[in-house]
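One structure is given below, encoded as structure tokens.
The values are calculated or read from the model by the stated rules, or taken from the named source; none is laboratory data. Computed from a predicted structure; not experimentally measured. Cβ coordinates were reconstructed from backbone atoms using ideal geometry, including for glycine residues, and neighbour counts include every protein chain displayed.
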Amino acid sequence: MLGNLDDRFFNKDPELLAMALLGKILRRRINHPRAGDVWLAARIIETEAYYITEKGSHSSLGFTEKRKALFMKPGTIYMYYARGGDSLNFSARGKGNAVLVKSGFPYVDEKSPISSVEIMRELNPGGRTARPDEKLCNGQTLLCRSLNLKVPEWDQQQLQRSEFTLENLGHVPAAILQCQRIGISPGRDHQLLLRFIDEEYAPSCTSNPLTKKSWKRGKDYLVHHAVT
């Protein structure tokens, strides 16, 4: 289904949802002091699946009010602070299951013109030099900063057509890379291949498995080709 996606889209096993999210467009409306109402947009290029049954997930630690979104209906937004920055997740099928949106890439169209990318750079400055497109959303906290997504505003909420949407505009990754997640401590199921990357955008994700010389295809990472 093309266009805005509703909570029915999220009613999938976390691995399937993590792959289905690749290529979809996150779009966030803000009121900019100079430009007025602006839609910021990013294509999802990297995701991570999390199950309540494995030690890497927040929900494996049990239900708390802070983790409530993980136990709500599929498509509920779960946001938390990762190293001081905001992080975006969606609940999936099965209590406690979710998918982390790990990285994105700025998206430009009529609704979100190139000027919106410049506003994303204002929100997420890179120090002395502005962040290039490939570095603007390559990490969960940078993505949220570029789209102005904040924990207090969006945790435990649903997508809203007037403020924050997920859109299917027809892009299907030609190939998806599957490998280990980032930042999972040894002993917390760090070895599970639950990170998914749109191969076309692998150079812009948090860590490109194709450039790891010690990694072997079929063992350290898998490649899934689109069915045509």
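For the reader, a short list of remarks on this structure follows.
- Among residues of segment 194-223 that are free of Cβ contacts under 8 Å to residues at least 12 places away in the same chain, those with a Cβ under 9 angstrom from a residue that is buried (at least 16 other Cβ atoms within 10 Å of the Cβ) and of a type in the set (Ser, Thr, Tyr), sequence gap 6+ or separate chain, pair up as Lys212/Tyr221.
- Filter pass, Asp189 being in contact with a Gly (Cβ under 8 Å, 6 or more places away or on another chain), charged (D, E, K, R), closer than 23 Å to Leu142 by Cα and touching a residue at least 12 places away in the same chain (Cβ under 8 Å): no
- On inspection, Ile197 fails the criterion of being within 23 Å of Asp133 (Cα to Cα) and at pLDDT below 95.
- Condition met for Leu61 (in contact with a His (Cβ under 8 Å, 6 or more places away or on another chain), more than 21 Å from Asn208 (Cα to Cα), free of Cβ contacts under 8 Å to residues at least 40 places away in the same chain and aliphatic (A, V, I, L, M)): no
- Consider segment 61-74 and keep the residues that are modelled with pLDDT of 95 or more and aliphatic (A, V, I, L, M). The one that is farthest from Thr206 (Cα to Cα) is Met72.
- Answer residue from segment 20-49, given it is closer than 18 Å to Ser91 by Cα and out of contact with any helix residue (DSSP H, G or I) (no Cβ under 6 Å at 6 or more places or on another chain) and is surrounded by the most Cβ atoms within 10 Å (Cβ to Cβ) among those: Glu46
Yes/no per residue for (1) at pLDDT below 95; (2) under 30 Å from Ile119 (Cβ atoms); (3) among the hydrophobic types (A, V, I, L, M, F, W, C); (4) under 12 Å from the mean Cα position of the chain (by Cα):
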residue: Ser59; (1), (2), (3), (4): no, no, no, no
residue: Thr76; (1), (2), (3), (4): no, yes, no, no
residue: Tyr80; (1), (2), (3), (4): no, yes, no, no
residue: Ser87; (1), (2), (3), (4): no, yes, no, yes
residue: Asn97; (1), (2), (3), (4): no, no, no, no
residue: Val101; (1), (2), (3), (4): no, yes, yes, yes
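- Candidates are the residues of segment 145-162 that are of a type outside the set (Lys, Arg) and part of a helix (DSSP H, G or I); the one that is surrounded by the fewest Cβ atoms within 10 Å (Cβ to Cβ) is Pro152.
- Condition met for Pro125 (free of Cβ contacts under 8 Å to residues at least 40 places away in the same chain, surrounded by fewer than 23 Cβ atoms within 10 Å (Cβ to Cβ) and either among the acidic types (Asp, Glu) or not in a helix (DSSP H, G or I) (or both)): yes
- If only residues of segment 128-144 that are in a loop (DSSP other than H, G, I, E, B) and touching a strand residue (DSSP E or B) at 6+ places or on another chain (Cβ under 7 Å) are counted, the one that is surrounded by the most Cβ atoms within 10 Å (Cβ to Cβ) is Cys137.
- Taken together, the residues in segment 2-43 that are under 19 Å from Leu149 (Cα atoms), in contact (Cβ under 8 Å) with a residue 24 or more places away in the chain and among the polar types (S, T, N, Q) amount to 1.
- Residue in segment 163-179 that is outside any strand (DSSP E or B), surrounded by 16 or more Cβ atoms within 10 Å (Cβ to Cβ) and at pLDDT 95 or above present: yes
- Number of the exception - Lys219 against (1) of a type in the set (D, E, K, R); (2) surrounded by 13 or more Cβ atoms within 10 Å (Cβ to Cβ); (3) on the phi < 0 side of the Ramachandran plot: (2)
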